[in-house]
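Here is the structure we will look at, set down as structure tokens.
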């Protein structure tokens, strides 16, 4: 579906240009590339409306910032900071990250991810630094005899955690001798049951009965 995107006919190129400017210290209003990246990812990950409206709102904010009016972008940055960079989230993130890289490995990933993922890879690698000094612990062993079937929820385009975890978890459940079904929302956001009403009935059914639905559920964007 065509939309009147404020970033013009090449929105990806426009975003690339904004990120490039931020990397060189010339971002709109002096914004850092990390803050700009976080604002974009958070706006997509936690939409305030439908997919088209959210995308247009983000495009409007970026286009306005490119033209010199940073009010909308500043609001997105503040929202990202308030929603994803709290002390509690820092503690949870670092506590969950059991296989942390060494400082030398982070340096390697800054280069490697920057090439693989030109828009966000470098920032993603540098974010690993936050937990380098966090106490380490051993990863728990995968379950061997799981007696409960599991309903797995995922999003096809999740800007926060991606979608790979659903398949990996399903494999772990199979190896533990149990079964699973998936509820996948094919939209953009972080949380299938939050943003898709289609995902809610199988979740409620599972919580009420403990039984899996007969088939996987794929909810349209």
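Here, each number is a calculation from the coordinates, and none is a lab measurement. These numbers come from a predicted model, not from an experiment. Glycine also receives a Cβ, built like all others from the backbone with ideal geometry; neighbour counts cover every protein chain displayed.
When only Cα pairs below 8 angstrom with a gap of at least 6 residues are kept, segment 86-140 shows a relative contact order of 42 percent.
Sorted on the mean count of surrounding Cβ atoms within 10 Å across their residues, most packed first, peptides 87-100, 200-213 read 200-213, 87-100.
Building the convex hull from the alpha-carbon atoms of the chain and averaging its projection over directions returns 14.4 nm². Against the main long axis of the alpha-carbon atoms of the chain, helix 87-96 sits at an angle near 50°. Over segment 60-189, the reciprocal of the mean inverse Cα-Cα separation, the Kirkwood hydrodynamic radius, stands at 18.0 Å. Simple spin-label estimate for residue 145 and residue 107 gives 4.9 nm between the two label positions (7 Å along the Cα-to-Cβ direction from each Cα).
Once the Cα atoms are used to define both axes, helix 103-116 deviates from the longest principal axis of the chain by about 80 degrees.
With contacts defined as alpha carbon pairs under 8 Å and 6 or more residues apart, what's the relative contact order of segment 1-84 in percent? Reported as a whole number, the value is 30 percent. The slack in the chain from residue 221 to residue 115, taken as 0.36 nm per residue of separation less the alpha-carbon distance, amounts to 35.2 nm. Here segment 144-163 is scanned for amide nitrogen atoms under 11 Å from the site 7 Å beyond the Cα of residue 127 along Cα-to-Cβ, giving 159-162. Enter the angle in degrees (range 0 to 90, nearest 10) between the Cα long axis of helix 11-23 and the first principal axis of the Cα atoms of the chain, meaning the one along which they spread out most. That helix lies at roughly 70 degrees to the long axis. With contacts taken as Cα pairs under 8 Å and at least 6 residues apart, the chain reaches a relative contact order of 16 percent. Each residue, residue 81 and residue 157, gets one label point 7 Å from its Cα in the Cβ direction; the gap between the two is 2.9 nm. Fully extending the segment from residue 24 to residue 167 would add 47.7 nm, taking 0.36 nm per residue of separation and subtracting the current Cα-Cα distance. Over all directions, average the projected area of the Cα convex hull of segment 150-219 and note it in nm². Quarter of the Cα hull surface area: 4.4 nm².
Average projection, convex hull of the Cα set of segment 1-89: 5.9 square nanometres.
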